[in-house]
Amino acid sequence: MKTSAKFLRAVIAIIIIVIAGTVIYRDRTPSSTSGSKNTSTVSSSNKILAYLLAEDYVKQSLKAPRTAQFPRSSEYINHIRYLGAGRYEINSWVDSQNSFGALIRTDFTCIMVDEGATWFCEGVTFDE
């Protein structure tokens, strides 16, 4: 009995390792067959990076950047649109204090461009 229990544990451990390895390998290999950038890859990590970099550009234009409050990640992921060719449009908002200390919500649009090793902001516009 002891030998069969050890054998069963070993078989279960091997199955778990194979399943985990398959999942990890599948997540790390590109699934695009067309040769273009996979949209799901763009959607996950690059979109978030584009938004976080846009936050920095927006803060540079604020009167009180330390008071800036942006949407949470569960909300801002819906504010990002991939335009193609490494360009992302961020339509979001920021709450920050104005010159009088009042907290004001301001909508903004920012176009972020991914050039591989570097990112830059094509422009930020504010709607008050």
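Side notes on the structure shown:
- Residue count, the stretch 91-102 (criterion: among the hydrophobic types (A, V, I, L, M, F, W, C) and surrounded by 10 or more Cβ atoms within 10 Å (Cβ to Cβ)): 2
- Taking the numbered list (1) part of a helix (DSSP H, G or I); (2) at pLDDT below 60; (3) among the polar types (S, T, N, Q) in turn, Asn46 passes all entries but (2).
- Search result, residues across the stretch 117-128 that are of a type outside the set (D, E, K, R) and free of Cβ contacts under 8 Å to residues at least 24 places away in the same chain: Ala117, Thr118, Phe120, Gly123, Thr125
- Taking the stretch 68-90 as the range and being surrounded by 15 or more Cβ atoms within 10 Å (Cβ to Cβ) and not hydrophobic (A, V, I, L, M, F, W, C) as the test, the residues that pass are Pro71, Tyr76, His79, Tyr82, Gly86, Tyr88, Glu89.
- Residues satisfying the stated conditions in the stretch 43-67, i.e. out of contact with any Cys (no Cβ under 8 Å at 6 or more places or on another chain) and of a type in the set (Gly, Ala, Ser): Ser43, Ser44, Ser45, Ala50, Ser61, Ala64
- The number of residues in the stretch 58-92 that are in contact with a helix residue (DSSP H, G or I) (Cβ under 8 Å, 6 or more places away or on another chain) and either closer than 19 Å to Glu122 by Cα or aliphatic (A, V, I, L, M) (or both) comes to 10.
The values are calculated or read from the model by the stated rules, or taken from the named source; none is laboratory data. Remember, it's a predicted structure, so these values are computed and weren't measured experimentally. Heads up, the Cβs are rebuilt from the backbone with ideal geometry, glycines too, and the neighbour counts pull from every protein chain shown.
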